[in-house]
Amino acid sequence: MNPDITRERENATFNVEKLTHILDGGIEKTKRRREIESLVISDPDFQSEDLNFLSRSERYDAAVKKSAQMILKLREYGISDPEEIYCYKSVFRGNHQEALGLHFSMFLPTLYTQCNKEQFKKWVPLAESFKAMGTYAQTELGHGTHLRGLETTATYDPATQEFVLNSPTITSIKWWPGGLGKTSNHAIVLAQLHTQGKCHGLHAFIVPLRSMNTHIPLPGVVVGDIGPKFGFDEVDNGYLKLENVRIPREHMLMKYAKVEADGTYVKPPSAKLTYGTMVFIRSMIVGEAGHALAKSCTIAIRYSSVRHQSEIRPGEPEPQIMDYQTQQYKLFPLLATAYAYKFVGQYMNQVYHRITGDISQGDFSELPELHALSAGLKAFTTWTASEGIEVCRMACGGHGYSRCSALPDIYVNFVATCTYEGENTVMMLQTARFLIKSYQQASAGHQLSGIVSYLNESERRLQPQSVSSRPTVVNVNDLASLVEAYKLRAAKLVEVAAKSIQQELQKRVSQEDAWNNSAIDLVRASNAHCHYVVVKLFAAKLGEIGDTGVHSVLSTLALLYALQGIQQNSGDFLQTGLLSVPQLSQVSQRLKELLAQLRPNAVALVDAFDYCDEMLNSVLGRYDGNVYEHMFEWARRSPLNKTEVHESYHKYLKPLQAKL
Amino acid sequence: MNPDITRERENATFDVEKLTHILDGGIEKTKRRREIESLVISDPDFQSEDLNFLSRSERYDAAVKKSAHMILKLREYGISDPEEIYCYKSVFRRHHHEALGLHFVMFLPTLYTQCNKQQLKKWVPLAESFKALGTYAQTELGHGTHLRGLETTATYDPATQEFVMNSPTITSIKWWPGGLGKTSNHAIVLAQLHTQGKCHGLQAFIVPLRSMNTHIPLPGVVVGDIGPKFGFDEVDNGYLKLENVRIPRDHMLMKYAKVEADGTYVKPPSAKLTYGTMVFIRSMIVGEAGHALAKSCTIAIRYSSVRHQSEIRPGEPEPQIMDYQTQQYKLFPLLATAYAYKFVGQYMNQVYLRITGDISQGDFSELPELHAMSAGLKAFTTWTASAGIEVCRMACGGHGYSRCSALPDIYVNFVPTCTYEGENTVMMLQTARFLIKSYRQASAGHQLSGIVSYLNESECRLQPQSVSSRPTVVNVNDLASLVEAYKLRAAKLVEMAAKSIQQELQKRVSQEDAWNNSAIDLVRASDAHCHYVVVKLFAAKLGEIGDTGVHSVLSTLALLYALQGIQQHSGDFLQTGLLSVPQLSQVSQRLKELLAQLRPNAVALVDAFDYRDEMLNSVLGRYDGNVYEHMFEWARRSPLNKTEVHESYHKYLKPLQAKL
C-alpha cells in the first residue's frame, strides 16, 4: 500500500462503509452486490488480456465469448433479478460494452410487450434460448430521432399474406443498431406500413436476417458492420439493406395494431404505451452519468493523492498534486456532481417504478412530467458528466492520456449517451416544451402541481425590479436558501424564453418559427430547470441521512455543488437580481474554504463508491496507489513490445539509410 | 455535387478565394501551398487504407513507411523551407502523427543548437542521413513539467572519461518521448549531472540506444513502447530504463556547459537561451488550435448543410439541420473562434520571428512578455478548441461518433496539446505570474508598456463603484468598444487576484501559500487576459483587410466572437459593472441576429479554409456533400466485414445455442 494513500484514508472524518450502504440503498444491497462482483472476479473464464491490446476483431471476439459465458453462468447461479443481472454485467463489462446488449435491452423487452399471444408463444422461447439472437433496428443512415422521417417500407401483399420489406433509398439503410452487423440472426425492424394502398405509419416487424443454421445472411438481406467508432469497439453496430425481403403476415408485432389477412389495417387503442421504455432508459442513463463520473473521480482523486509534482514552498519535497488549489477546484466539484447524479439516478428509478405501477392501473397522469424530467435530466447529466470525465483525465496529466488510466475508455463509451436515446439538444427542447406549456397554464390562472409548481409563483415573485432595489434574500451558506435561488433562476429563465416566443409572435412569424427563433433561450431555461431539480434532490437526500459524520461530509459536498453552479452561472444570478455583487465574492471565498474542508475526505469519498480494481481497470486508480510499477508492467505487455525490433525497421528504415 | 451544398455556395456574399489568400498570407502562398498539396495527393506511394481499419502495429508500420518515403521525396523535390516541409507533412499526416516526428522537431534542432563544433561535425551528418535516428527524452514516469524533479543520473567517471547513465528508481524511467519505443537508435537524454561529488543539475547527453547495424537494444538499455493511448496510435511513445550505460565524455552536449577531462564542471554563460524553442513550439500550438477547430467546423458545417432532420414547420420537408437556431449557436461561434485562432497564430508567428531577430542581436527585452503570452494563449486556445471539436462532433449526431467522420481522430490527436509542452493550468499560472508582477510594478508607479499596459490604467479606471451608479460606456454593437470591455474585465480580474494574494498574506501565510490559495483567481485572471488578447487581435486583423465583402463577413464573425464570449462570461461583465442587465438582453438579441446573418455564408466560410478532401479525410465533411453513399462504401471496407460470418459465431454462439 502506498503510504500517501494510507495517510489519506487515516485522515477521513466519516465512516466510509456507511456511505457505501447509502449509495447502494442499504447494507443488504451492498452485501449482495459484493457477492455478485466476487462471482465474476474470481471466475477464470472472465479473465482476459486488456482489450486495449487487441485488434477490433479480437475485441469483438472477446466480447461475444464473455456474453456467451455470462448467459450460462447466470443460469448456473440462478441470477434472474434485473438489478442483479445489471450488477453482474457491469463487473465483467468493465468500462466496455456487451456484444449481446441489444438482445437483452431491446429485442426481448419488445417481444414481451408487443407480441400478441401466438407470437409470444413462438418468439419468446426462441429468443430466450438464443436460437433467435436479435436487435432493434430503428435509425437509418439519413434519419435519426425524427420517426416520421424513416423510409424503410413494409408493403402488405394479400396474395401471399406476406409483407415485402424494402430499403428504397440509400438514406433508408438501417444504420447503428448494436449487434446488427455480425451477431444477430433476427431484427425487429421499424418500417412504414403500407396496405391497401395507404401508409399507416411506423410499425415493428420481426425480420430474419441470417440462417439459424449457418448464420449466413438470407437472400435480399445486405447486412454488415458499420466500421470503427470513437468507442464501442466491442460492438458490431450494423447496417441493413432490405431488398424485397418477404416475411409472413404474423411477423408484424400485433399486440396493438394489426393487419388482417385481407390487408385491413386495425388501429392500436392508445399511443401512449411505448412511452414507458424510453422514459426508463433515459432514467437509467442519469444513473449511468453518476457512475461514469464516480469512476473517473475515483481514478483522478486517488492518483492525485500519490502523484507528486513541482513545488508550492521552495525547498520542500514535491507536494501531492491534490494540494494544489487548482487541482481541488477541478476535481472536488466533479466529485460533488457524481454524488448528486447518483442520488438523482436513485430518485428517477424510484419514481419510474411508482409511476409504472400507476400506468399498469391505467393512470397516465404523471407520465408527461416524468417524460419531460427524464428527457432534460438525461441531457443535463450526460453533457456535464462527459465534460467532467475529460477534466478528470486531463487532471491526471500525461498519464491520463494512456489507455492504462482507463479514462479514455470511460469517456468514449460514455459520451455516446449525449447522442443516443434522444439527442441532447432535442431532449432539452422537449423539456422546454413542457415548461412553456406549464408556464402558459400558470399564466392563464391554472394552479400547477408537481415539480413545475414554482411557475405558479413566478407572476408574484418576479416582477421586474431594478437590481439595487430588490431585497437580497439568498443566504449563501444555507443550502435551502440556495435551492430557492436555483428555483427562482429557473422561473426567471422560463419566463425569459416564454417572452422571447411572445416577441417573435408579435413579428407575425408562425408559432413554429417563433419556437425555433427562441430555441437558445429554451435550452437555457431547461438547463436551469434541471439544475434546480438536481440541487433540490441532493438537498432532499441529506434529510434521509442519520449518521452525523456522513451527513456532515455530504452537506459539504451539496453546498459545494450548489455554490460552484452559482459561480459558473453567475451571470444568471446577477441578471435576475438573486445575488448581489458582494455576495458573489462571498461565494468565491466560501468555495475555496469548502475545497480545503473537503481535502482530507477526498480519497474516502471516492472509496465509498466502492469500485473494485477489477471494475475500474485503471492503473492510475488502483486502491493501493502503487501506480508506477504497474504502469511499467502494463506497458511491457504492449503488442509493439512483442518483438525487440519491429518489422518496419527492416522494411523501411534500413533501406532508407542505405539510400541516403 | 449535392444540390443543398451547391445552393449554399451560391448564396455566399463574398469571394471565398480572397479570404483563402488572407488566411495563407498572400496569393503566392496559397498557390505554393496547393502545389505542395498536389504533390502528396497525386503520389501513389502515400495512398493507404484508412488507418482506422488497421491494428496498432499496422498503423505504426504505415507511419514509418510514410515517413521514410517522405524523406526521399522531399529531397527529390528539393523542398527544404521549413514552412513548406510543414505543409507537405500536414497533407500526408492528415489528423495523425509522424513516426519520425521527434527526430525533426527535437533531436535535430537540439543538435544544431547545443553541440559544440566537434560534436556538430560528428552528429549532424549522422542525424541528417538518418543513420542516427533520434528522440528527446525528458519526462519520466514520476516527473513531468518540474525539471528539477527529474531523477535520471549521469555520473562522470574520470578514470575512463565516461558518463555512467542510470535510472535509479522506478519513477525515473523515461516515459512518453515519441519515437523512443521502437524507432530511435539514439536519444538526447536529460539527466542530473554528477561530477567530482557534486550535482550540477540537468544536462543533455546523447545516448546510443540500439545497434546502428541490427537495431537491437544495447546492453543496459531497457527500451520499449508505453502501450496504447487515447490517440497517437502511429507513434511509439516509449520508455527507457538505463542500467549503468557508459557513454564517452564528448556525448554530453557541450556548447554551453562543459565537463573537462578531469571532471571539472564549467558553467554555461546564460540560462535564457533555451527559452526560445519552448516559446516557438507554444506559438505553433496556438496556430494548431486554429487548424484543428477549422477542420472540425468544416466537417460539421458542411454536414449540417446536407443533413435533413425533423421539422420546424409541420407538413414541410425536413429542414437542413443548419436551419435550427440551436445548431447555429453551437457551430457559428466555433467558426468565429477558428478564424480568431488562425489570426492569433499568424500574429504569434510574426512576433516570434521578430523577437528571435532581436535575441540573436542580444536583445532579450521582449522575451518575458512573449513567454508569458505564449504560455497563456497556448492554454486558452487548446482548452477551448478541444471542447469545440467535441461540440462539432456531437453536432453531427450519431454519425459524428463514427471514425469515418474524422472528428474522433481530430479530437484525440489534438487534445494532448492541453497537456504537453506545458500543462495548461501550469501555463495559465505562468502567465498569471507575469500579470501579477506587472500589476505590482504599475501599482508601484512604474509605467508599463506592451500588452499589459492596460494595468497602468487600472488604478484610475476601476475604483469600486456600485453597478447602478457607473456610467455605461460599452456599445454592444461596436467591436472597438467591446475590446475595451474585455480589457477592463481583464484589468479587474488581475486586480482581484492580486487582492486575494494580499488578503492571504494578511493572514500571515507565506508568499507561496498565498499564491496557491489564490490560484483559482489567478487562472481566471489569465483567462480574461488571453480572451482580451484574442478579441483585440481579431479586431486588429480587420484593419488589414481591404476587400469589402470579406471585411464585412469577418466583421460579423468578430462581433459574434466578442458577444458570445460576453454572454458566456456575463457574470464577469456584470460583476465588474461593465455591462448592465438590459445590455445583456441586448447582447442575447444581437447574437441571434448575427447567427441568422451568418447563415448564408457558413459553408463559404469553411470552404475558405481550403482543406482538400484528402486532408480532411472525413466522409461527413466532403466538399461535394455526397455523404451517405460514401459512408456505406466506407463501412463495407470495415475489417469485420471481411467474412460474412465472424469466427466468434462458430466458437461461442453456436455452442451456446446447443447448450440451452
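The values are calculated or read from the model by the stated rules, or taken from the named source; none is laboratory data. Small disclaimer: the values here were computed from a predicted structure and weren't measured. Reconstructed Cβ throughout: ideal geometry from the backbone, glycine too, with neighbour counts over all protein chains shown.
Tabulated results
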item	result
Count of region B:408-427 residues which are within 19 Å of A:Ser310 (Cα to Cα), part of a helix (DSSP H, G or I) and more than 8 Å from every other protein chain (Cβ to nearest Cβ)	1
Residue within region B:209-223 that is more than 26 Å from B:Thr160 (Cα to Cα) and part of a strand (DSSP E or B) present	no
Residue that is surrounded by the most Cβ atoms within 10 Å (Cβ to Cβ), among those in region A:3-21 that are part of a helix (DSSP H, G or I) and in contact with a Ser or Thr (Cβ under 9 Å, 6 or more places away or on another chain)	A:Glu8
Residue match in region B:381-389 (condition: closer than 20 Å to B:His531 by Cα and more than 14 Å from chain A (Cβ to nearest Cβ))	yes
Answer residue from region A:342-370, given it is outside any helix (DSSP H, G or I) and without any contact (Cβ under 8 Å) to a residue 12 or more places away in the chain and is nearest to A:Val286 (Cα to Cα) among those	A:Ser365
Selection within region B:172-183 - assigned to a loop (DSSP other than H, G, I, E, B) and within 10 Å of chain A (Cβ to nearest Cβ)	B:Ile173, B:Trp176, B:Gly181, B:Lys182, B:Thr183
Lone qualifier among A:Arg524, A:Arg470 - being surrounded by fewer than 19 Cβ atoms within 10 Å (Cβ to Cβ) and either over 30 Å from A:Ile22 (Cβ atoms) or at pLDDT 90 or above (or both)	A:Arg470
Some residue of region B:240-263 being buried (at least 19 other Cβ atoms within 10 Å of the Cβ) and facing chain A (nearest Cβ under 9 Å)	yes
Candidates B:Pro582, B:Pro600 - the one that is surrounded by fewer than 18 Cβ atoms within 10 Å (Cβ to Cβ) and in contact with a helix residue (DSSP H, G or I) (Cβ under 8 Å, 6 or more places away or on another chain)	B:Pro600
Single residue of A:Lys117, A:Lys131, A:Lys89 found to be out of contact with any helix residue (DSSP H, G or I) (no Cβ under 8 Å at 6 or more places or on another chain) and basic (Lys, Arg)	A:Lys117
Selection status of B:Ser80, on the phi < 0 side of the Ramachandran plot, among the small types (Gly, Ala, Ser) and either assigned to a helix (DSSP H, G or I) or surrounded by 15 or more Cβ atoms within 10 Å (Cβ to Cβ) (or both)	no
Number of positions in region A:618-646 that are surrounded by fewer than 23 Cβ atoms within 10 Å (Cβ to Cβ), farther than 10 Å from B:Gly224 by Cα and of a type in the set (S, T, N, Q)	1
Qualifying residue in region B:610-623 (condition: β-branched (Val, Ile, Thr) and touching a Leu at 6+ places or on another chain (Cβ under 9 Å))	no
Counted residues, region A:41-60 - those being free of Cβ contacts under 8 Å to residues at least 60 places away in the same chain and within 24 Å of A:Tyr86 (Cβ to Cβ)	7
Counted residues, region A:317-340 - those being free of Cβ contacts under 8 Å to residues at least 24 places away in the same chain and not in a helix (DSSP H, G or I)	4
Among residues of region A:192-224, those that are out of contact with any Phe, Trp or Tyr (no Cβ under 8 Å at 6 or more places or on another chain) and either more than 9 Å from chain B (Cβ to nearest Cβ) or under 30 Å from A:Leu407 (Cβ atoms) (or both), counted	16
In region B:109-140, the residues that are of a type in the set (Gly, Ala, Ser) and closer than 30 Å to A:Tyr628 by Cα	B:Gly134, B:Ala137
Region A:504-521: number of residues that are surrounded by 13 or more Cβ atoms within 10 Å (Cβ to Cβ) and closer than 17 Å to B:Arg590 by Cα	8
Filter result (at pLDDT below 95, within 8 Å of chain B (Cβ to nearest Cβ) and closer than 25 Å to A:Met631 by Cα) within region A:309-338	A:Gln309, A:Ser310, A:Glu311, A:Glu318
Failed condition for B:Gly571, given (1) touching a Ser or Thr at 6+ places or on another chain (Cβ under 8 Å); (2) touching a residue at least 12 places away in the same chain (Cβ under 8 Å); (3) of a type outside the set (A, V, I, L, M, F, W, C); (4) within 12 Å of another protein chain (Cβ to nearest Cβ)	(2)
Set B:His69, B:His103: member being within 22 Å of the chain's Cα centre (by Cα), surrounded by 16 or more Cβ atoms within 10 Å (Cβ to Cβ), closer than 30 Å to A:Asn52 by Cα and not aliphatic (A, V, I, L, M)	B:His103
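For every residue, the table says whether it meets (1) touching a helix residue (DSSP H, G or I) at 6+ places or on another chain (Cβ under 8 Å); (2) in contact (Cβ under 8 Å) with a residue 40 or more places away in the chain; (3) among the charged types (D, E, K, R).
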{"residue": "B:His186", "(1), (2), (3)": "yes, yes, no"}
{"residue": "B:Ala191", "(1), (2), (3)": "no, yes, no"}
{"residue": "B:Ile206", "(1), (2), (3)": "yes, yes, no"}
{"residue": "B:Gly227", "(1), (2), (3)": "yes, no, no"}
{"residue": "B:Asp233", "(1), (2), (3)": "yes, yes, yes"}
{"residue": "B:Met252", "(1), (2), (3)": "no, yes, no"}
{"residue": "B:Tyr256", "(1), (2), (3)": "yes, yes, no"}
{"residue": "B:Asp262", "(1), (2), (3)": "no, yes, yes"}
{"residue": "B:Pro269", "(1), (2), (3)": "no, no, no"}
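Rundown of residues vs (1) assigned to a helix (DSSP H, G or I); (2) more than 8 Å from chain B (Cβ to nearest Cβ); (3) under 29 Å from the mean Cα position of the chain (by Cα); (4) touching a residue at least 24 places away in the same chain (Cβ under 8 Å), yes/no style:
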{"residue": "A:Phe609", "(1), (2), (3), (4)": "no, yes, yes, yes"}
{"residue": "A:Met615", "(1), (2), (3), (4)": "yes, yes, yes, yes"}
{"residue": "A:Tyr623", "(1), (2), (3), (4)": "no, yes, yes, yes"}
{"residue": "A:Phe632", "(1), (2), (3), (4)": "yes, no, no, no"}
{"residue": "A:Ala635", "(1), (2), (3), (4)": "yes, no, no, yes"}
{"residue": "A:Val645", "(1), (2), (3), (4)": "no, no, no, no"}
{"residue": "A:Ser648", "(1), (2), (3), (4)": "yes, no, no, no"}
{"residue": "A:Leu653", "(1), (2), (3), (4)": "yes, no, no, no"}
{"residue": "A:Leu656", "(1), (2), (3), (4)": "yes, no, no, no"}
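Yes/no matrix, rows are residues, columns are (1) within 29 Å of the chain's Cα centre (by Cα); (2) of a type outside the set (D, E, K, R):
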position: B:Phe230; (1), (2): yes, yes
position: B:Ala257; (1), (2): no, yes
position: B:Glu260; (1), (2): no, no
position: B:Lys267; (1), (2): no, no
